[in-house]
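Student: Just passing along the structure, written as structure tokens.
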């Protein structure tokens, strides 16, 4: 069954709905974004996430020391970091008890096959969080094994994306919104249905 993460959640209702729809992970953005929440707010939302569902802090352009501090404040054990530079960065996060998802942008300088020792790899579109699809049809250019596909996924294209790319998991944010940063319950439910159909 395809791993499903719903990201950019900012309120109790959408966290509860994501969990109820069977999301394997929920994401809280702790970086500059219309979806940003404070570490304290993330901690409140995280308290609603049951064991067995991952609660992930999402970071772009945040120093590692701040990633560690805010993740601990938010009571998060999992972090998704979009600009890790080396295995030493991952080791530093591991040393603080954090599970690490290394996120890379498609078409960027980062080699998507290089995990730096991270626990999972996520491949996003050219700009993280922009909700723009990228060419995941060429499997030769994609990672193998357990990796998460992100970037422009919607209820209408996610099943095809999984079948075509061979991704182990998917991550969605803008594709389940009615407006930037505003989650739409009907789109969330439709996305979950589409993922489970694969």
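A short reminder: the numbers here are calculations on the coordinates, not readings from a lab. Keep in mind the model is a prediction, meaning the values are calculated, not measured. Note: ideal-geometry Cβ built from the backbone for every residue, glycine included; neighbour counts use all protein chains shown.
Student: For the chain, modelled as a GNM with alpha-carbon contacts under 10 angstrom, which of 24, 179, 16 fluctuates the most?
Tutor: Taking springs between Cα atoms under 10 Å, the residue moving most is 179.
Student: At a temperature of 37 °C and a viscosity of 0.692 mPa s, determine how fast the chain diffuses translationally according to Stokes-Einstein, using the Kirkwood radius over alpha-carbon pairs as Rh; express D in µm²/s, rounded to the nearest whole number.
Tutor: Estimated via Stokes-Einstein, D reaches 199 µm²/s.
Student: What is the fewest-to-most order of 70, 2, 164 by other Cβ atoms lying within 10 Å of their Cβ?
Tutor: 164, 2, 70
Student: Let me ask something else. Of all beta bridges DSSP finds with both residues in the chain, what is the antiparallel percent, to the nearest 5?
Tutor: For the chain, the DSSP antiparallel bridge percentage is about 5.
Student: With springs connecting C-alpha atoms under 10 Å apart, model the chain as a Gaussian network and identify which of 61, 151, 27 has the largest mean-square fluctuation.
Tutor: Among 61, 151, 27, the largest mean-square fluctuation in the Gaussian network model of the chain belongs to 61.
Student: So, one more: How many angstrom lie between the C-alpha centres of segment 16-51 and segment 75-92?
Tutor: Comparing the Cα centres of segment 16-51 and segment 75-92, I get a distance of 18 Å.
Student: A further question follows. Say we join alpha carbon atoms closer than 10 Å with springs in a Gaussian network model of the chain; which of 46, 35, 163 then has the biggest fluctuation?
Tutor: Maximum fluctuation in the GNM of the chain, among the listed residues, is at 163.
Student: Now a separate question. Given the -39500 (n - 2.57) contribution per DSSP H run of 4+ residues, what per-residue ellipticity at 222 nm results for the chain, rounded to the nearest 500 deg cm²/dmol?
Tutor: -8000 deg cm²/dmol
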